[in-house]
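Here the structure comes first, spelled out in structure tokens, and everything after it is commentary.
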There are 2 protein chains.
Amino acid sequence: MIERLREIEPSELTAFVDVLKKDLLARVSEKISHLESSLAVAELTIVLHYLMNTPEDVLIWDVGHQCYVHKALTGRLIDLETQRQKNGISGFLRRSESAYDFFGAGHASTSISVLAGVCLADESTGLIRKRVAVIGDGSMTGGQSFEALNHLATLNGDTLVILNDNNGSIDPTVGGLHSEGNYKGYFQSLGWDYSYESKGNDIPSLLESITTAFHNGGKRVLHIKTVRPHLSKPRSYEPATTFQWWAAEKLREILHKDESLRILSPAMFSGSGFAPLREIFPKQFIDTGINEPHTVTTAAGIVAAGGRAWVHIYSTFLQRAMDQVIHDVALQDLPLVFLVDRAGIVGADGPTHHGVFDLGFLMDIPNVTVWNPRNGDELQAMIYQAWTIHNELNGPLFIRYPKDKTSCGLPEEFRTHSWLMEQNSNSLMVSTGHITSSVQSGLFDHLHLGQIKPLPLNLVEILSRYNNVLVLEESIGHGGVFGAIAGMAADADLDLRLVKRKISDAFTHHGVRQELLKELGLIP
Amino acid sequence: MIERLREIEPSELTAFVDVLKKDLLARVSEKISHLESSLAVAELTIVLHYLMNTPEDVLIWDVGHQCYVHKALTGRLIDLETQRQKNGISGFLRRSESAYDFFGAGHASTSISVLAGVCLADESTGLIRKRVAVIGDGSMTGGQSFEALNHLATLNGDTLVILNDNNGSIDPTVGGLHSEGNYKGYFQSLGWDYSYESKGNDIPSLLESITTAFHNGGKRVLHIKTVRPHLSKPRSYEPATTFQWWAAEKLREILHKDESLRILSPAMFSGSGFAPLREIFPKQFIDTGINEPHTVTTAAGIVAAGGRAWVHIYSTFLQRAMDQVIHDVALQDLPLVFLVDRAGIVGADGPTHHGVFDLGFLMDIPNVTVWNPRNGDELQAMIYQAWTIHNELNGPLFIRYPKDKTSCGLPEEFRTHSWLMEQNSNSLMVSTGHITSSVQSGLFDHLHLGQIKPLPLNLVEILSRYNNVLVLEESIGHGGVFGAIAGMAADADLDLRLVKRKISDAFTHHGVRQELLKELGLIP
């Protein structure tokens, strides 16, 4: 399709983009969560590929929410019908998928850093080509965007950053930069030339602005205003079915009792299930922007100043704040509760978003407590317990739960561990998290760990009763619960045959969560 | 001393600060690496504590390099004589050390986030007080500073950010913001009021500027120019004694052959040992600023664009870029070599800086290779090998080395593992990294792993020959080499008694590296 695009006259572009949008909508409509972001840049996408000689010229998309028209245009229109499904294409950018995907993305604010890399590489190889990054106003709140603008300003080579300003990403954009509306002053202070195009969905205007920008060269930002169509309803979770919904229910109860508690999120409240609560307790929910390091340190600052704070964060984005967890929270003995959402395999979003690293990383940090509920009942008990013991904590407490369905039955008390089956077998299955609920009873005893760090005090004694111990956890890596139990067995000189079931040492592709868990051997 | 300060007249402050500076210099002089940064803010420190009612009012110092006058003034003048020594005070800010250390710091760019937390807490508790963060121009290149300025601008509460501009931190400050000199435009674009004080070492000028700033309130930046005295010689490593020196020697050989290679560092070249090389190959060394996420993604961008890049980074700062290692490098199969400096216990800098997490974190990421040399010979062999295989790599390669002395003997070839003693014992010691060199030969066989990920293919067969295996590694956490070997033993159903020697699950205090390693049971 891209060859055809490059053969037509400028006057035919508007018709071209209208046909493409219609075709796209007919094929995918409700299936793509970020389709609106992509449709908002349909005209921009067409004009960029029309004026640039991609893939030789470099076009970098930030995050990937804006990439569906780009995918359609670069040979993947039909593939979009099965995107994010097993064996289908990715919902994000992926280098292995197409030469037109210059750089992979799924997390925000990396594109301008990549652009800096391209400038440095092209200087060393002598290559002269067009270099463009497209980034949304939401991604601009991430500090890495600033780092990259600041550094890139001092490098050689023409580069164009297109700021796609549609007033928000998943949540509305927060922060002084956006509310002041003085992007011009911001970019100029960092050494960038700036121009503005108000008609970001108008092909002739874009043709002119972008042609001019390429002609002028230098370090240049073109700020364009685009409009997102409203296709889908706001997200919400079907009542009483998901970990997210049960978490929100318990939090509602707590917030009714506790005016002082602040819940911080790096721009992910809309996926949290807390959106309805935010309406009721607007002062207590604080969206910091897409900036995980800042979110975590701010929460630590609240606690250091005598306030109370919890952080809601997706596991995959917590990877961005590991140093802050270590340096600003754990090392400083600060009591802070983290609700780690999307812990484990996330399904359709795939390898950029699977929350498979946090369990291992967190368990390796001193002074940390980690809880891993098996179902909605236990999650609710943990959330309530966290609230009651918050002030006695001497460090961070992480409650991890997956993007998955679960039910609640009878309210339960928090327990660090619980026997699901004890029948004096000489084999023990130790499991943690939601996959505990899928274990089929058999010839072994079965112990569920709600708390995986620190391990329950009597676990050594329990382990010593068995010959065979199988550890089952939804996590990657060499440590985690398996490593902790192996270490415990070594330290206590237990003679155990250990078996491990965890995610193997490879990136897991996208697909349906339950199917992926089966493939990984974690559920039957 | 702070009580005395608050009793004197403004006209006596200059004499007060001069006496304090002299006293400080007499006591510590050459012993403190960042004393210059602290002396540059001596007047500022005195004026702030004079005008503020600390510790009830909140004074936050970024990084901690500027904190020595603050420490002296707040009851720790004599303690500074033994700072960074065992049982002495920390070289950085530490909450447990003094109520005047409102927030701990050792890594850059966290202070404004803490300030945001204080505003949020004070709003919830109704507290009205002065709130100040002091941050250097170097720390301002870190994206978290931007994130915090951007978000804090939209919160309630008066806050004052003092930008201490002395033209650099450890290395000269890079980036468009600093070179353009338009800090005013930058802060205003984010919604902050801005004023400038050129006489940052003059007490009357500071008294007036800061009094005015407090009086005006709001979200306010006071940009002050200060001058750092030149006390110490530029750092350099004694030839032929350290890992850093041997690394630089091998790199020199490579750079003579390879014009295309780019070495990136987040503002830490001066500690790397590469400073002399930078003079010879100025185009090939790229200081990105204090911005680890950007550094890593930029390097990935260089490689994606057909260039060649290595990253030099301290282990403790690599914690800030774990998501970029996962999302931008490992997941995208990009060949990138990391020289991970200060891996392991760093000694005097203490718990904020010990490089004890990266080994465990990195080994948990798919598609990663990790090398851990035992001495200078092996380090040089690894660096050369990394260069020769760079283009064949399908992911990141990490070469980790400590801040320690080592010697070189005969040049050696790279080997993934090497037998140091093989005498048909039924016990095996497996060790990795520099502590391998301290293992005393005994009744066990001894295998050194130069490559710890992936583990050597024949390791299962080797392990199967033994009854007892002791794993020795300079790393914290449940995974690492111990966890990997425990997993290998479980998967292969080996009947092994494992013993683990690694850093226990606690933050390690500061002191002399060799003594700390002894205390931790890692060397005899």
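A few points about this structure:
- Where Cα atoms sit under 24 Å apart: lysine pairs in region B:2-225 separated by 8 or more or lying on different chains: 23
- Cα gyration tensor category, rounded, prolate or oblate, for region B:299-338 with a/c compared to 1.5: oblate
- For B:Val19, label point 7 Å along C-beta direction: distances to other copies, nm: 8.7
- Panel values: chain B, Kirkwood radius from alpha carbon pairs, Stokes-Einstein at 10 °C and 1.306 mPa s, translational diffusion coefficient 64 µm²/s.
- Sorted by Cβ density within 10 Å, fewest first, the residues B:Cys119, A:Cys408: A:Cys408, B:Cys119
- Ordered by the count of other Cβ atoms within 10 Å of each Cβ, fewest first, A:Asp258, A:Asp328 give A:Asp258, A:Asp328.
- Amide hydrogen proximity for A:Asp101: with H placed 1.01 Å from N in the peptide plane, no residue at 5 or more positions away or on another chain lies under 5 Å.
- Between B:Ser438 and A:Lys518, the FRET efficiency estimated from the beta carbon spacing at R0 = 41 angstrom works out to 0.30.
- DSSP beta bridge pairing in the protein assembly as shown, given as percent antiparallel to the nearest 5: 15
- log10 of Debye I(q)/I(0), alpha-carbon scatterers only, for region B:261-326 at 0.27 Å⁻¹: -1.22
- Percent RCO, i.e. relative contact order, over chain A, from Cα pairs under 8 Å lying at least 6 residues apart: 11
- Using θ = phi - 60° in the Karplus curve 6.51 cos²θ - 1.76 cosθ + 1.60, the 3J(HN,Hα) couplings for region A:38-46 round to 6, 5, 5, 10, 4, 5, 4, 4, 5 Hz; x is entered for Gly and Pro.
- Residue-by-residue Karplus 3J(HN,Hα) for region B:262-272, coefficients 6.51, -1.76, 1.60, Hz, glycine and proline x: 10, 10, 9, 9, x, 6, 10, 4, 5, x, 7
- When the alpha-carbon atoms of region B:129-239 are used, the pair Rg, Dmax equals 15.3, 55 angstrom.
- Share of pairwise Cα separations in region A:243-400, more than 29 Å, in percent: 8
- Cα-based shape type of region B:45-181, given that a ≥ b ≥ c are square roots of the gyration tensor eigenvalues and the cut on a/c is 1.5: oblate
- Using the Karplus relation 6.51 cos²θ - 1.76 cosθ + 1.60 with θ = phi - 60°, the per-residue 3J(HN,Hα) values for region B:85-100 come to 9, 3, 6, x, 6, 6, x, 10, 6, 8, 4, 6, 8, 6, 5, 6 Hz, with x marking Gly and Pro.
- Using a 7 Å Cα-to-Cβ projection, B:Asn426 label spacings across copies, nm, ascending: 2.1
- Beta bridge orientation in region B:417-519: antiparallel %, DSSP, nearest 5: 20
- With distances taken between every two different alpha-carbon atoms, region A:297-387 has a Kirkwood hydrodynamic radius of 13.9 Å.
- Rg/Rh for region B:322-445, where both radii come from Cα atoms and Rh is the Kirkwood radius: 0.99
- Ordering A:Leu120, A:Leu470, B:His417 by Cα displacement along the dipole of the protein assembly as shown toward the positive end leaves A:Leu470 in first place; charges were set at the Cβ atoms of Lys, Arg (+1) and Asp, Glu (-1).
- Seen through its C-alpha gyration tensor, with square-root eigenvalues sorted a ≥ b ≥ c, region A:417-519 comes out prolate because a/c lies at 1.5 or above while a/b is bigger than b/c.
- Of B:Glu259, A:Glu515, A:Glu36, A:Glu43, the sequence from fewest to most neighbouring Cβ atoms within 10 angstrom is B:Glu259, A:Glu515, A:Glu36, A:Glu43.
- Near B:Trp310, the amide H atoms lying under 5 Å from its own belong to B:Arg262, B:Ile263, B:Leu264; only residues 5 or more places off or on other chains count, and H is placed 1.01 Å from N.
- Taking amide H atoms as placed 1.01 Å from N in the peptide plane, the amide H of A:Asp404 lies under 5 Å from those of A:Phe243, A:Gln244, each 5 or more residues away in sequence or on another chain.
- Bridge type composition, region A:243-400 - antiparallel percent by DSSP, nearest 5: 5
- Residue-normalised convex hull volume from the C-alpha trace of the protein assembly as shown: 152 Å³ per residue.
- Each other copy holds its own label point for A:Val499; taking that point as 7 Å from Cα along Cα to Cβ, the gaps run 3.0 nm, nearest first.
Bear in mind that the values in this text are calculations on the coordinates, not laboratory data. Computed from a predicted structure; not experimentally measured. For neighbour counting, all protein chains shown are included, and Cβ atoms are generated from backbone atoms with ideal geometry for every residue, glycine included.
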